[in-house]
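> Can you read through this structure? Questions will come right after.
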Amino acid sequence: MTPEALEQELDQLHPAAFGWALACCSGDRAAAEDALQASYLKVLDGRASDGRPDAVTELVRADGTRRLTEALATLPRRQREVLHLVFYQDLTIAEAALVAGVSLGTARTHYERGKAALRKLLKEKPE
C-alpha cells in the first residue's frame, strides 16, 4: 500500500477509531488523542502488521479470539481497559495509567489481577 493510500485509509477510519479511543479513555479527549496518535505512528512506521493467514489459521485464531473476548468481558472495566491498552495498543503500564487516569500502582494492580483472572478463565474453558 502506498503512503498516500494508507493516509487516505486512516482518514476514512478516523471517526470510528477516535470514538473507540474516546470510549476506552472514559471520555478524556486528550488521552484518546494521545492513544490514537501512538497507534497511527505505529501504522505509519510499519510497526503494525496486516498479513493474511490461511483459512485454518484464521479459524483457530477466531476461536481463540472468541474465547479471549468472552473472558475479557467478565473482568471489571478497569482491568479490561488496562489490559487492552497494554496488549492491543502496545503501551507500557505507565502509559496505560496515564491514559486510564489512574496511578501507576493502580494500573499495575489492575494489570496483574486481570492477567491472573484471564489465565484462570481460559484454563477453565475447554478448547
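The numbers here are math on the coordinates, done by the rules we state, and not lab data. This one's a predicted model, so the numbers in the text were calculated from it and none came from an experiment. As a convention, Cβ positions derive from the backbone with ideal geometry for all residues, glycine included, and neighbour counts pool all protein chains shown.
> Can you tell me, using C-alpha contacts under 8 Å and at least 6 residues apart, the relative contact order of the stretch 15-127 as a whole percent? Spell out each step's value before the answer.
Working: 76 pairs, mean separation 27.9, N = 113.
In percent, rounded to a whole number, it is 25.
> Additional query: To the nearest 20 debye, what charge dipole does the chain have about its Cα centre, counting +1 at the Cβ of each Lys and Arg and -1 at the Cβ of each Asp and Glu? Present the calculation step by step, with values, prior to reporting the outcome.
On the way: 17 positive and 19 negative charges, 193 e Å.
Rounded to the nearest 20 debye, it is 920 debye.
> Along the Cα→Cβ direction, 7 angstrom out, place labels at Gln8 and Thr92. What is the inter-label distance in nm?
So the label points at Gln8 and Thr92 sit 3.8 nm apart.
> Taking loop as defined by DSSP and a crowding limit of 12 other beta carbons within 10 Å, which trypsin sites (Lys or Arg not before Pro) in the stretch 20-95 fit? The partial results should precede the final answer.
Values: sites: Arg29, Lys42, Arg47, Arg61, Arg66, Arg67, Arg77, Arg78, Arg80; in loops: Arg47.
Those satisfying the criteria are Arg47.
> Short version: what are the Cα gyration tensor semi-axes of the chain, square root of 5 times each eigenvalue, largest first, in whole Å? Walk me through the numbers before you get to the answer.
Working: eigenvalues 132, 103, 27 Å².
Values for the chain, descending: 26, 23, 12 Å.
> Sticking with this structure for a sec: Given 0.36 nm per residue, what is the gain on full extension from Arg29 to Val56 after removing their alpha carbon distance, in nm?
Values: separation 27, 0.36 × 27 = 9.72 nm, distance 4.00 nm.
Length difference between fully extended and current span is 5.7 nm.
> When the Karplus curve 6.51 cos²θ - 1.76 cosθ + 1.60 is applied with θ = phi - 60°, which whole-Hz ³J(HN,Hα) does each residue of the stretch 11-21 get, with x for Gly and Pro?
4, 5, 7, 4, x, 5, 5, 5, x, 5, 4
> Right, another one. Output the relative contact order of the stretch 1-51, whole-number percent, from Cα pairs under 8 angstrom with separation of 6+ residues.
Numbers: 21 pairs, mean separation 14.4, N = 51.
In percent, rounded to a whole number, it is 28.
> In deg cm²/dmol, rounded to 500, what helix-only [θ] at 222 nm does the chain give when every DSSP H run of at least 4 residues adds -39500 (n - 2.57) and the total is split over its residues?
Numbers: 6 runs with 93 residues, N = 127.
Counting only the DSSP helices, I get -24000 deg cm²/dmol.
> Would you please put 3-16, 88-101 in order of how densely packed they are, using the mean number of other Cβ atoms within 10 angstrom per residue and starting with the highest?
On the way: 3-16: 11.1, 88-101: 17.6.
Answer by packing, highest mean first, reads 88-101, 3-16.
> OK, next. Please name which of Gln79, Gly19, Ala96 has its Cα lying farthest along the dipole of the stretch 1-124 towards the positive end, using unit charges on Cβ (Lys, Arg +1; Asp, Glu -1) and the Cα centre as origin.
Gln79
> Now for a separate question. Mind listing the phi-derived Karplus ³J(HN,Hα) values for the stretch 103-109, rounded to whole Hz, using 6.51, -1.76 and 1.60 with θ = phi - 60°, and x for any glycine or proline?
Per-residue couplings from phi come out as 6, 4, x, 5, 4, 4, 4 Hz.
> At q = 0.13, 0.16 Å⁻¹, work out log10 I(q)/I(0) for the stretch 52-127 with the Debye formula, treating every Cα as an identical point scatterer and leaving solvent out; two decimals please.
-0.44, -0.62
> May I pose another question? Report the FRET efficiency, 1/(1 + (r/R0)^6), for Leu44 and Leu121, where r is their Cβ-Cβ distance and R0 is 25 Å, rounded to 0.05.
Rounded to the nearest 0.05, the efficiency is 0.10.
> Something else: Please list, in chain and number order, the residues 5+ apart from Asp90 or on another chain whose amide H is under 5 Å from its amide H, with Hs placed from the backbone.
Those qualifying (amide H under 5 Å, at least 5 residues apart or on another chain) number zero.
> Starting at the first residue of the stretch 57-68, write each ³J(HN,Hα) from the Karplus equation 6.51 cos²θ - 1.76 cosθ + 1.60 with θ = phi - 60°, in whole Hz, x for Gly and Pro.
4, 5, 5, 4, 4, 4, 5, x, 5, 4, 4, 5
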